[in-house]
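So the structure is just underneath, and the comments pick up after that.
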Protein chains: 2
Amino acid sequence: MKYFEDIQVGDIVMTGRHTFDADEIKSFARRFDPQLFHLDEEAAAKSHFGALCASGWHTAAAWMRLMVDQRRAEQDAMRTRGEPVAASGPALGFNDLKWLKPVYVGDTVDYKSVVTEARLSNSRPCFGLMTILTTGVNQNGVPVISFASTTFVERRPEKM
Amino acid sequence: MKYFEDIQVGDIVMTGRHTFDADEIKSFARRFDPQLFHLDEEAAAKSHFGALCASGWHTAAAWMRLMVDQRRAEQDAMRTRGEPVAASGPALGFNDLKWLKPVYVGDTVDYKSVVTEARLSNSRPCFGLMTILTTGVNQNGVPVISFASTTFVERRPEKM
């Protein structure tokens, strides 16, 4: 993680992409969202979705996984270069989480975030707050999910 | 699902409760949120959370599962009584998703929703839009998650 002072509004983070296969869609749905259009091809074909598609929570959780992997890779690279790595605090929450279009079997969703706000934290002086807007776009260029989220990011110690 | 006309602002839905055990917390985290405080007791004890705790996405997905089960049980009961069952359309999305406090191993979260808005849909005349505010409260009465969500609900055919 970069320090708060090294993050600028407008910065873009490419988080990665994920392809949703039928087994994974059904496995997530069995556990967390057992609606027929997430579980069974034939029933899904008759639903308003028209075909088997991923739970919206699955599409969101897949982003979380990519984000953790991407942040870890960035931290490893920074440590390899001998650079200090900032701590990131917990996420405060999410806003405007929208499932814009269904994610069907075989769709690949590419997740990208843009920093929309950066400000100091009143409650935790060692941290700033970064707000990002994340969008997931499928292989046809169609946005399927979007949300805003705010996270604590450590300030550079010498700036305090 | 009740018809739109049978839903009133202020209605409360008790969705159910879920107890988070360590195996399930780790299993979700391995797949979707592999941060150490969701995976390993010792590492979690040294983190800002102080103990192993569930991914925020896990706490949200557990609600989704309870909601699907609860809605299905309600529909079965309505069919048994010979009542017509309204269709519910897809969720439009979520707003103000907040993880207020950590959910630790053994915590039981009780999810409750209140209808905060009900209005007709401009785009789909057969449906109304219902907005609910959901809160998950742990066994000590402490809110751990809250969010607002908006869903399409079918209108009673004879009212159209």
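Hey, could you check segment A:56-102 for residues that are charged (D, E, K, R) and assigned to a loop (DSSP other than H, G, I, E, B) and say which is farthest from the other protein chains (Cβ to nearest Cβ)? Only one residue tops the list, namely A:81. Looking across segment A:1-48, the residues that are farther than 26 Å from residue B:60 by Cβ and either among the charged types (D, E, K, R) or without any contact (Cβ under 8 Å) to a residue 40 or more places away in the chain (or both) come down to A:2, A:5, A:6, A:11, A:41, A:42, A:45, A:46. Restricted to segment B:29-55, and to residues that are assigned to a helix (DSSP H, G or I) and within 10 Å of chain A (Cβ to nearest Cβ), which residue is surrounded by the fewest Cβ atoms within 10 Å (Cβ to Cβ)? Within segment B:29-55, the match that is surrounded by the fewest Cβ atoms within 10 Å (Cβ to Cβ) is B:30. With the requirement that a residue be open to solvent by less than 40 Å² (accessible area, probe 1.4 Å) and either at pLDDT 95 or above or out of contact with any Asp or Glu (no Cβ under 8 Å at 6 or more places or on another chain) (or both), what does segment B:1-17 give you? B:7, B:15, B:16, listed by residue number. Among the residues making up segment B:103-117, those that are part of a strand (DSSP E or B), crowded, with 18+ Cβ neighbours inside 10 Å and out of contact with any helix residue (DSSP H, G or I) (no Cβ under 7 Å at 6 or more places or on another chain) are B:104, B:113.
Quick one: in segment B:59-70, of everything that is touching a residue at least 40 places away in the same chain (Cβ under 8 Å) and over 13 Å from residue A:97 (Cβ atoms), which residue is nearest to the chain's Cα centre (by Cα)? Looking at the filtered set, the residue picked out is B:63.
The values are calculated or read from the model by the stated rules, or taken from the named source; none is laboratory data. Not measured: the values here are computed from a predicted model. Backbone-built Cβ (ideal geometry, glycine too); neighbour counts: all protein chains shown. The area values use the complete protein model at the heavy-atom level, side chains included, leaving out ligands, DNA and RNA. Shrake-Rupley method; radii C 1.70, N 1.55, O 1.52, S 1.80 Å.
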